[in-house]
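Asker: Got a structure for you, written out below as structure tokens; questions coming shortly.
The values are calculated or read from the model by the stated rules, or taken from the named source; none is laboratory data. Bear in mind that the values here come from a model prediction, so they are computed numbers and not experimental data. Cβ: placed from backbone, ideal geometry, glycine included. Neighbour counts: every protein chain shown.
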């Protein structure tokens, strides 16, 4: 694995301090980190899964649309932000490793360094919970 850019290192530090779930990928699409709040939705600690390709991530943490059709890894907001160098947002369903199906909102942004290079991408997401009646 290549050395991480300082911008990605700093984003990882920031993500570790946040109470919202965060994913980080490097410029080649390798998952380099997700924080503790993300672990609760995904059903696995980052230390247990470790770094992986985004394609592998999309198969381990199954993603699908509202009709139940699987979403290709290249169509996920994190992949779109990385490949298109612009923000992406989607409401999707995910099945975590705990077997639970959850609806989540995902917003992803590219991480652009001071030298205008793409250092990776970050995604924040949150679970959509139906209001109790």
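Asker: Inspect the stretch 89-98 for any residue being part of a strand (DSSP E or B), over 22 Å from residue 10 (Cβ atoms) and modelled with pLDDT under 90 and give the result as yes or no.
Answerer: The answer is yes, given that some residue of the stretch 89-98 is part of a strand (DSSP E or B), over 22 Å from residue 10 (Cβ atoms) and modelled with pLDDT under 90.
Asker: Within the stretch 75-88, does at least one residue satisfy the condition of being within 13 Å of the chain's Cα centre (by Cα) and farther than 20 Å from residue 15 by Cβ?
Answerer: Yes: one or more hits.
Asker: Tell me which residues, restricted to the stretch 43-58, are in a helix (DSSP H, G or I), under 13 Å from the mean Cα position of the chain (by Cα) and under 16 Å from residue 96 (Cβ atoms). Don't jump to the end; show me each part of the working.
Answerer: From the stretch 43-58, those in a helix (DSSP H, G or I) are 46-49, 54-58; that's our starting set.
Right, trim to under 13 Å from the mean Cα position of the chain (by Cα) and you get 46, 54-58.
46, 56, 57, 58 - these are the residues of the stretch 43-58 that are in a helix (DSSP H, G or I), under 13 Å from the mean Cα position of the chain (by Cα) and under 16 Å from residue 96 (Cβ atoms).
Asker: Just give me the residues in the stretch 1-42 being in contact (Cβ under 8 Å) with a residue 40 or more places away in the chain, assigned to a strand (DSSP E or B) and within 15 Å of residue 127 (Cβ to Cβ), in sequence order.
Answerer: Correct list: 22, 23.
Asker: Would the stretch 19-26 turn up any residue that is over 14 Å from the mean Cα position of the chain (by Cα), surrounded by fewer than 15 Cβ atoms within 10 Å (Cβ to Cβ) and over 17 Å from residue 105 (Cβ atoms)?
Answerer: Keep residues of the stretch 19-26 that are over 14 Å from the mean Cα position of the chain (by Cα), which gives 19.
Then drop every residue that is not surrounded by fewer than 15 Cβ atoms within 10 Å (Cβ to Cβ), which leaves 19.
With the extra rule that they be over 17 Å from residue 105 (Cβ atoms), the set shrinks to none.
Within the stretch 19-26, none of the residues are over 14 Å from the mean Cα position of the chain (by Cα), surrounded by fewer than 15 Cβ atoms within 10 Å (Cβ to Cβ) and over 17 Å from residue 105 (Cβ atoms).
Asker: Within the stretch 72-88, can you find the residues that are outside any helix (DSSP H, G or I) and under 18 Å from residue 34 (Cβ atoms)?
Answerer: Residues of the stretch 72-88 that are outside any helix (DSSP H, G or I), as a first pass: 72, 76, 85-88.
Answer for the stretch 72-88, where residues must be outside any helix (DSSP H, G or I) and under 18 Å from residue 34 (Cβ atoms): 76, 88.
Asker: May I ask you to list the residues in the stretch 1-13 that are exposed (fewer than 13 other Cβ atoms within 10 Å of the Cβ) and over 14 Å from residue 51 (Cβ atoms)? Working first, answer last.
Answerer: So the first thing to find is which residues in the stretch 1-13 are exposed (fewer than 13 other Cβ atoms within 10 Å of the Cβ), and the list is 1-3, 6, 13.
If the condition is that a residue be exposed (fewer than 13 other Cβ atoms within 10 Å of the Cβ) and over 14 Å from residue 51 (Cβ atoms), then 6, 13 are the ones that fit.
Asker: For the stretch 62-71, give me the residue count where each residue is surrounded by fewer than 20 Cβ atoms within 10 Å (Cβ to Cβ) and either closer than 17 Å to residue 32 by Cβ or under 13 Å from the mean Cα position of the chain (by Cα) (or both). First the steps, then the outcome.
Answerer: Here is the first cut: in the stretch 62-71, the ones surrounded by fewer than 20 Cβ atoms within 10 Å (Cβ to Cβ) are 62, 64-71.
Retained after the next criterion (residues that are either closer than 17 Å to residue 32 by Cβ or under 13 Å from the mean Cα position of the chain (by Cα) (or both)): 62.
Within the stretch 62-71, residues that are surrounded by fewer than 20 Cβ atoms within 10 Å (Cβ to Cβ) and either closer than 17 Å to residue 32 by Cβ or under 13 Å from the mean Cα position of the chain (by Cα) (or both) number 1.
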